[in-house]
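A.B. asks: Here's a structure for you.
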Amino acid sequence: MHKVYSVRKEFVRWNRNVFGRIEQEINQKKRLLQDLQNNVISMANVGKERELREELECLLKREELMWAQKARSEWILKGDKNIRYFQVVVKQRRARSRIHCIKNTEGVLIEDPEGIERIFVDHFKSTYEFANTYNVESIMEQLHNLAIPQLSAQQCCILNKLDFGKL
């Protein structure tokens, strides 16, 4: 009996160290990803961002699996093996996600589904309809009008003297 108790104790410790920290790991990955997205400088950062996204997705799937297993184990212990719970959860989620009303551009509240659909379609059409109207010439013209800082002669001299191989 002592062996079973010590194995159980080790499993509990292992579970706490491996799975118990999953929320902390998810929050840490989210912070790292946000920092990286705010400071994307090079292609290496883009690769690191993709890697962090994949790690975060893996952690989120692990968390989802963990909660599903915990919930299922409670149902098994209680003898409830039907799927009614899942049906209720899906129904509640759909009800929360449904858009019942929205204000149009004039501030009038629209409640009918066709009107809501029309507002969304019109919004996205107006947003993306003119997305490709820029041509290379207009972009180049805008770039030429930008005030781009230039190095002074003294700064150029300092940079020319530096040996970048030693940095």
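Values in this text are rule-based calculations from the coordinates and carry no lab data. This is a predicted model, so every value here is computed, not measured. Here the Cβ positions follow ideal geometry from the backbone for every residue, glycine too, while neighbour counts run over all protein chains shown.
A.B. asks: List, in order, the whole-Hz ³J(HN,Hα) value for each residue of region 101-114 obtained from phi through the Karplus relation with A = 6.51, B = -1.76, C = 1.60 and θ = phi - 60°; use x for Gly and Pro.
C.D. replies: So the Karplus estimates, Gly and Pro as x, are 7, 8, 8, 7, 5, 8, x, 7, 7, 10, 10, 7, x, 5 Hz.
A.B. asks: At 7 Å along the Cα-to-beta-carbon direction for both Val89 and Leu60, put a label point, then send me their distance in nm to one decimal.
C.D. replies: 1.7 nm
A.B. asks: Tell me, in nm to one decimal, what length is gained between Glu10 and Leu32 on full extension, where the rule is 0.36 nm per residue of separation less the Cα-Cα distance?
C.D. replies: 4.8 nm
A.B. asks: Taking 0.36 nm per residue of sequence separation and subtracting the Cα-Cα distance, how much length would be gained by fully extending the chain between Ile22 and Leu143, in nm to one decimal?
C.D. replies: Length gained between Ile22 and Leu143: 38.9 nm.
A.B. asks: Can you list residues whose amide H is under 5 Å from Ile110's amide H, if they're 5+ apart or on another chain and H is modeled 1.01 Å from N?
C.D. replies: Sorted by chain and number, the residues that satisfy this are Ile102, Lys103, Asn104.
A.B. asks: Using θ = phi - 60° and the Karplus form 6.51 cos²θ - 1.76 cosθ + 1.60, what ³J(HN,Hα) does each residue of region 120-129 get, whole Hz, x for Gly and Pro?
C.D. replies: Here the 3J(HN,Hα) series is 5, 4, 4, 4, 6, 4, 5, 6, 9, 5 Hz.
A.B. asks: Which ³J(HN,Hα) values in Hz, rounded to whole numbers, follow from the phi angles of region 49-54 under the Karplus curve 6.51 cos²θ - 1.76 cosθ + 1.60, where θ = phi - 60° and Gly and Pro get x?
C.D. replies: With coefficients 6.51, -1.76 and 1.60, one gets 4, 4, 4, 5, 4, 5 Hz.
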